[in-house]
1. Within the stretch A:323-338, does at least one residue satisfy the condition of being more than 25 Å from A:D166 (Cβ to Cβ) and without any contact (Cβ under 8 Å) to a residue 12 or more places away in the chain?
2. Identify, by number, the condition in (1) assigned to a helix (DSSP H, G or I); (2) surrounded by 21 or more Cβ atoms within 10 Å (Cβ to Cβ); (3) more than 10 Å from every other protein chain (Cβ to nearest Cβ) that A:K189 doesn't meet.
3. Would you confirm whether any residue within the stretch B:61-69 is within 30 Å of B:W357 (Cβ to Cβ), at pLDDT 95 or above and crowded, with 22+ Cβ neighbours inside 10 Å?
4. Looking at (1) in contact with a Lys or Arg (Cβ under 9 Å, 6 or more places away or on another chain); (2) open to solvent by 10 Å² or more (accessible area, probe 1.4 Å); (3) at pLDDT 95 or above; (4) within 14 Å of chain B (Cβ to nearest Cβ), find the lone condition where A:E216 falls short.
5. From the list A:R29, A:R50, exactly one residue is under 18 Å from A:R249 (Cα atoms) and at pLDDT 95 or above. Which is it?
6. With respect to A:A56, determine if the residue is under 19 Å from the mean Cα position of the chain (by Cα) and in a loop (DSSP other than H, G, I, E, B).
7. For the condition closer than 21 Å to B:I205 by Cα and of a type outside the set (K, R), what is the one hit in B:E124, B:E109?
8. Which condition breaks for A:R364 when tested against (1) open to solvent by 60 Å² or more (accessible area, probe 1.4 Å); (2) closer than 30 Å to A:M1 by Cα; (3) without any contact (Cβ under 8 Å) to a residue 12 or more places away in the chain?
Number of protein chains: 2
Amino acid sequence: MKRIVVLGSTGSIGRQTLDVARALPDRFRVVGLAAGANLDLFRQQVDEFRPRMTNAAALDGADGQTDLEAMVADPDVDLVMVATTGRVGLAPTLAALRAGKEVALSNKEVIIMAGELVMRAARESGAAVLPVDSEPSAIWQCIRGEDLPVQRLIITASGGPFRTRDPRELASVTPAQALKHPTWVMGRKITIDSSTLMNKGFEVIESRWLFDVPMERIEVVVHPQSVIHSMVEFADGSVKAQMGPPDMRLPIQYAMAYPERLHNPAIPKYDPLRYPALTFEALDLERYPCFALAMHAGKAGGACPSVLSAADEEAVRLFLDGRIAFTDIHRIVAGVLDAYQPSNGASVEDILAADDWARREAARVAAAL
Amino acid sequence: MKRIVVLGSTGSIGRQTLDVARALPDRFRVVGLAAGANLDLFRQQVDEFRPRMTNAAALDGADGQTDLEAMVADPDVDLVMVATTGRVGLAPTLAALRAGKEVALSNKEVIIMAGELVMRAARESGAAVLPVDSEPSAIWQCIRGEDLPVQRLIITASGGPFRTRDPRELASVTPAQALKHPTWVMGRKITIDSSTLMNKGFEVIESRWLFDVPMERIEVVVHPQSVIHSMVEFADGSVKAQMGPPDMRLPIQYAMAYPERLHNPAIPKYDPLRYPALTFEALDLERYPCFALAMHAGKAGGACPSVLSAADEEAVRLFLDGRIAFTDIHRIVAGVLDAYQPSNGASVEDILAADDWARREAARVAAAL
């Protein structure tokens, strides 16, 4: 029986985490829930799971407001699912790791912003950072029990909804079009990031930290069916892939139950005949300038990925609000990265300061477009 | 440094085993060689590797004739590569396992005939039977470090050279046509077995023993590119696959070096873009009656797989000699299996007696065609 806290329980990953907990009540007990939006759903979740800790004093049926950092460090907690989005997950992630808790990390901005700090906190307390995203989860599953270091990671990318669209038409793409992902159902921010492939750039940076593999040894290949979730090449040239229908409950459950694999009839099974062709294409960097920007920021290191992430978050918000064109997203991120003057510091404060600066700079670049 | 003996060193797998030993001289020392054919090549191998033990007294440069069973049990041996074909490998395999040696088993008739005896011998001495064939090797690589038991094995089959041939034309297929495998370069017997998919049936039986998975949980899917070498589904529904260009040196080296993965520049690397589509088709049992016969014999158990294997070996020999038609192979095997009266015994002697009977019966069935 693992006792879990879910931060961001009303978002897409949070809801699916609770689906898994509901399907396997003998294995998981929800002892803490936190959400920042959709209070009606949050109230239902609290009524159903009766967690001892919540972050909403107004809700009936729970003991009352608990600070997130105190909640994750509570002695009765085994695993923390960080399913928040944006920078809000950073402080509770570090608090959970410092308290020696397993952290299932879906909030990828946390590791983009502060990969070095997060992995150091994990090393120092002996706690584990467990991937939740399907691609890093695939890599994690493939290296299980393997002779390390690996030779190469091959991360797959669906290519998003605009893989075959004439690039000249991208300027007129609407938020509704960009929100229609061909294979995955996800939250709004990550769906836009998937259409620009910024998300794939984030996954390369994330994988570099999670698996301690230099970025030069991480490749991305377009695989429109999203059945092979990623591949790993080992020292002898052998390649392993992890596969399955596109459904987030599998990687979520894998992180929750690790190292066990639990039978859950709700998770759809892979049938090779339902996907008669698995195809691969080279990634077209001209079509996806956000991916190239992410590679640049990831290699630059320091607070650069934090600047990348914050500028992207602002640009995506402006796009979803109908205030900029789809093709302005990469222009804003590029403008912010160009204007950034790296400093030497890499503390949490330095990272948050770079994030603040990048958001202001993004607004300035957007206004000047 | 592993000290290895290679039985069947002049065959396809034996030669590639020596390729690996030659490429990695710091890791492998060849202390014994045995061959039953191609004495010119054998002499060259003995001259190059200078093994202390050989099975050919006539050869210069070696200490002289050594009995295979004594050779594999020698105290200076760590691993025995059994790369013979047919029943000749059975006795040395059992001798090596009883002496506690690692056995890399390429001679699949051994495990088809005597899977239960072989696995029991391994259990009793604590020795390991290591797969060499690409498909069982893929399964072995996928279950490495995993939470067992697995849910399902999915073995891939290229479909051989006649996957799309009009079934009415199969009767007129020549040995030369059947020896042209679309993806793998192998010995003659196994190439014919691959064209009838008898070989795939053997792999199902082999996998049942090697991985202790019931035959009902082993599926076969046609995958013409031979890039995904097999897949494993785990309890949670997650699937892992092992992939690579079709080249036997990788699974051979994996068995030789296990648990290490060694860099060997001679082994070709997988590039997803060189195989832009990986396709899957259902196995057509009517096109491949030998596969159905193998499933039947495997499920019947006892000495039935031994009868299957012996009848097939005789039928393939008759086909290669131009004495029967391609479509007579399955008729002969079916006729022998139909005539077989199972006995209760399952000792080595019982198995060899069933094998002897099946060969005589195959000749009788062939004469009556």
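1. Yes, that holds for at least one residue.
2. Every listed condition holds for A:K189 apart from (2).
3. The answer is no, given that none of the residues of the stretch B:61-69 is within 30 Å of B:W357 (Cβ to Cβ), at pLDDT 95 or above and crowded, with 22+ Cβ neighbours inside 10 Å.
4. (4)
5. Step by step, each of A:R29, A:R50 is checked, and only A:R29 is under 18 Å from A:R249 (Cα atoms) and at pLDDT 95 or above.
6. no
7. Result: B:E109 is the single residue among B:E124, B:E109 that is closer than 21 Å to B:I205 by Cα and of a type outside the set (K, R).
8. Here A:R364 clears every test but (2).
The values are calculated or read from the model by the stated rules, or taken from the named source; none is laboratory data. Just so you know, these numbers come straight off a predicted model, no measurement behind them. Methodologically, a virtual Cβ is constructed for each residue, glycine included, from the backbone with ideal geometry; neighbour enumeration extends over all protein chains shown. In case anyone asks, the SASA skips ligands and DNA or RNA and just uses the protein heavy atoms, side chains included. Shrake-Rupley method; radii C 1.70, N 1.55, O 1.52, S 1.80 Å.
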